[in-house]
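Chemist: Dropping the structure in here first, questions after.
The values are calculated or read from the model by the stated rules, or taken from the named source; none is laboratory data. Source: prediction; values computed, not measured. All Cβ positions, even for glycine, are placed from backbone atoms using ideal geometry, and neighbour counts span all protein chains on display.
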Amino acid sequence: MTDRPILVGYDASEGARLALAWALDEAARTGTSVLLAYAFEWMTAATWIGPGPGPGTWPDETTRRAVGEMVSAAVTEATDAHPGLTVRGEVLDTPAGIGLAQRSADAALVVLGSRGHGGFSGLLAGSTTISVSAHAHCPVVVVRPLPDAGPGAEPGRRRIVAGADGSPYARLALAWAVERAVSRAAPLHAIRAWAEPRAPWRPADLDPAEVTRTELNALDEELAGWRDRYPDLPITGEVVTGHPTEVLVEASRQAQLVVVGTRGHGGFRGLVLGSVSQQLLHHAESPVAVIRELPPDTAR
């Protein structure tokens, strides 16, 4: 249990509702509080296309009151449905990407929907999701709707998949994935992907089978410590030939959660995110957890 809340980006869109449902389920399992955050997106004169007052007077008190009531209603609904949880809300007067990334420094986890309303309440537009994933100070889960299902795992989607390429960020992601698997009593499946180089960069003596064996040995060595630590947790590893994005997107079709690491990018102006992480946010068929760093009280 941690004093850090699960921070949910919320704007009452369907995507935000899915994110909130996922976060409440995680909070009930881990004994964590939940904080709903709505962020005003201040328009500039160049981007203002809506009717009514221009950027100089927006959002007015009527808008602020409506937003506050919307957040309060969501908090009440969540508390009524989960009476044992602590749920609260707040309204941020900063752009969503900056505000949520800043608040993530005090959070255990940030949970976002894959897409929000857009327009003046565009809390969870694609650029915001990518920005927060690149700059957050804790893990970020982006909840994508499952085909023919809600935010929870459907039959056949029990396992948690972790991308494991041996990098420091992937090792952080694997550690976080293991803890989620333990708390959910779910099997963990680690995947390492490698792509055969094409001519003229392909070495003449390249033996794909030997490369696969070498990579699988390295992966098994990385998983050995976790297997020793959690002997009752089913942990499997697999090495697949192919581009990591394609391999993990395919794996997401049978996963309740895919976990990957990313190095992100310094500075709020940059929206650079690891290409695999970014592509998963767009194409995965399950929720995706992006791990750039862990909160100090949970880092291992």
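Chemist: Among the residues of segment 285-300, count how many are modelled with pLDDT of 75 or more and surrounded by fewer than 24 Cβ atoms within 10 Å (Cβ to Cβ).
Modeler: Here the count works out to 4.
Chemist: Counting only residues that are in a helix (DSSP H, G or I) and touching a residue at least 12 places away in the same chain (Cβ under 8 Å), which one in segment 247-256 is surrounded by the most Cβ atoms within 10 Å (Cβ to Cβ)?
Modeler: Per the criteria, the residue is LEU248.
Chemist: Can you report the number of residues in segment 228-246 which are loosely packed, with under 15 Cβ neighbours inside 10 Å and either under 24 Å from VAL288 (Cα atoms) or hydroxyl-bearing (Ser, Thr, Tyr) (or both)?
Modeler: Here the count works out to 4.
Chemist: Still on this structure: Could you list all residues from segment 105-119 that are closer than 23 Å to PRO145 by Cα and either at pLDDT 85 or above or in a helix (DSSP H, G or I) (or both)?
Modeler: ALA108, LEU109, VAL110, VAL111, LEU112, GLY113, GLY119
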